[in-house]
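Here's the structure we're looking at; comments come further down.
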Amino acid sequence: MQNIKSKLPNVGTTIFTVMSQLASKHDAINLSQGFPNFTIDQKLIELVHHAMLKGHNQYAPMPGLLSLREAIAHKTNSLYGSNYHPETEVTVTDGATQAIFTAIAACVSKGDEVIIFKPAYDSYEPAITLFGGTVVPIQLSAPNFTIDWQEVASKINSKTKMVIINTPHNPGGAVLSKEDMLQLEKLLSGTNIILLSDEVYEHIVFDGQEHQSAARFAGLAERTFITASFGKTFHTTGWKMGYCIAPKALMEEFRKVHQFNVFCCNHPMQYALAEYLKTPNNYLSLSSFYQEKRDTFLSLIKDSRFSYIPSKGTYFQLLNYTTITDENDIKFAERLTKEHKIASIPVSVFNLNQQDDKVLRFCFAKTDETLKRAAEVLCKI
Ligand code: PMP
Ligand code: GLN
């Protein structure tokens, strides 16, 4: 048996797998890993079924089915006033995870620095490390997770290759404002820095706010890979379908990697998604759908000992437990799962040096019945 030298010696199993397994082992209500537990639109299932019966069961075109890329470009351009071309600037991917990995693979080389904001979604760092990049983390503070653009400016130097943003933000539930995006646009102007804008929750933004896509800002769009996920938008995380949008020159490099990474993605599902996207209400209704879930969850736990500010986007709610215990968040999340039968995600795992702010992340993409059972447990703690 040969030993290989690990390329990721400090990486273990992702927290989403750890907590979902623990939830299952202890028969706990699983509000940890982010996925809906309700049925999806039967129409979407019928569309996939129909595409399979029609014989679309072989390889899709490498960059994605053209009609789906057209639908994606049309949606993006109408919502954000951009001008993406479906043939050269949109690629269908195996979920946003692959889009993120491929964008990083296409751009980041040994010695490059990549600025990320902590708490950060856990797939960014390993990808940067694998391609020889250096992660430059900037820790944001709970509960608002606002970005100090002066601090960002102080981290930029000649080695900075990429900045990664995520709005709406997982796990923080924060959203970047128009002012934030303008500041970033100014900061990157005149540099060669690439932006990776992870916008998988673009259609889950609350309280009347508008999603500030990088596509809205010409000075950002010209340097940006936008990554998106049909898993979030159509409640189909298990389908692993997403996409990447970027200007032609960036997309050419992206596709060089994509074609040897996955080559292409699920073909019948692309037919179904192309058709389903023709009805804007299928994605435009998502914010109000999840805002109701958020409000239901928060009203049910308002008398608990947890404290919070309402999530501004995503389907996650952070709850602070300082008044309950001074245990660290990993221990507390484990104990809640084992003893109280409710699973969450400890936020410290996404923080710089595992900074522990005593907050847990709960996914409210659940049936009202599940939210009610979860709230009953949380109110007893
Ligand atoms: N980025 C963020 C911020 C996420 O929360 C997720 C998880 N769903 C992804 C990317 C990955 O999305 P997908 O499931 O489409 O790979
Ligand atoms: N994005 C999901 C979350 O934040 C999980 C995705 C995964 O399990 N990799 O919970």
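Rule-based calculations on the coordinates, nothing more; no lab input. On a predicted model such as this, the values are computed, not experimentally measured, just so you know. Because the Cβ atoms are built from the backbone with ideal geometry, glycine has one as well, and the counts that use them run over all protein chains shown.
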Post the alpha-carbon centroid distance, the stretch 18-71 to the stretch 85-100, in whole angstrom. 16
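What percent antiparallel are the DSSP beta bridges of the chain, to the nearest 5?
Within the chain, antiparallel bridges account for around 45 percent of the total.
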According to a simple spin-label model (label point 7 Å from Cα along Cα-to-Cβ), what is the distance in nm between Gln259 and Leu187? 3.6
Trypsin sites (Lys or Arg not before Pro) in the stretch 36-141 lying in a DSSP loop, each with at most 10 other Cβ atoms within 10 Å of its Cβ, come to Lys54, Lys110
Using Cα springs under 10 Å in a Gaussian network model of the chain, which residue among Ser154, Ser307, Ser287 shows the largest mean-square fluctuation? Ser154
Highest-fluctuation residue, Leu220, Leu371, Leu187 considered, GNM on the chain with Cα pairs under 10 Å: Leu187
In nanometres, what is the gap between the two model label sites at Glu151 and Lys178, each 7 Å from Cα along Cα-to-Cβ? 2.6
For Lys155, the net charge from surrounding residues (Cβ-Cβ under 15 Å; K, R +1; D, E -1) works out to -1
Which three numbers, in whole Å and largest first, are the semi-axes of the equivalent ellipsoid of the chain derived from its Cα gyration tensor as √(5λ)? 31, 26, 21
Using θ = phi - 60° and Karplus 6.51 cos²θ - 1.76 cosθ + 1.60, couplings along the stretch 355-366 (whole Hz; Gly, Pro as x): 3, 10, 9, 6, 10, 10, 9, 10, 8, 9, 7, 9
Short version: ³J(HN,Hα) in whole Hz for each residue of the stretch 190-197, in order, from phi by Karplus 6.51 cos²θ - 1.76 cosθ + 1.60 (θ = phi - 60°), x for Gly and Pro, what are they? x, 10, 9, 6, 8, 10, 10, 10
Top mean-square fluctuation among Ala174, Ala272, Ala99, Gaussian network model of the chain, C-alpha springs under 10 Å? Ala272
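Around Thr236, under 15 Å between beta carbons, what's the net of Lys plus Arg minus Asp minus Glu among the other residues?
-1
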Find how much the distance from Gln21 to Thr39 grows on full extension, using 0.36 nm per residue of separation minus their present alpha carbon separation; answer in nm with one decimal. 4.3 nm
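Shape of the stretch 65-128 from its Cα gyration tensor (a ≥ b ≥ c, root eigenvalues): rounded if a/c is under 1.5, otherwise prolate when a/b > b/c, or oblate? Walk me through the numbers on the way to the answer.
Working: a/c = 2.29, a/b = 2.03, b/c = 1.13.
It is prolate, given that a/c is not under 1.5 and a/b is the larger ratio.
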The stretch 202-219 - phi-based ³J(HN,Hα) in whole Hz, Karplus 6.51/-1.76/1.60, Gly and Pro as x: 4, 9, 10, 10, 10, 6, x, 6, 9, 5, 9, 5, 4, 5, 6, 10, 3, x
Environment charge of Thr224, counting only residues whose C-beta is closer than 12 Å and scoring Lys/Arg +1, Asp/Glu -1: -3
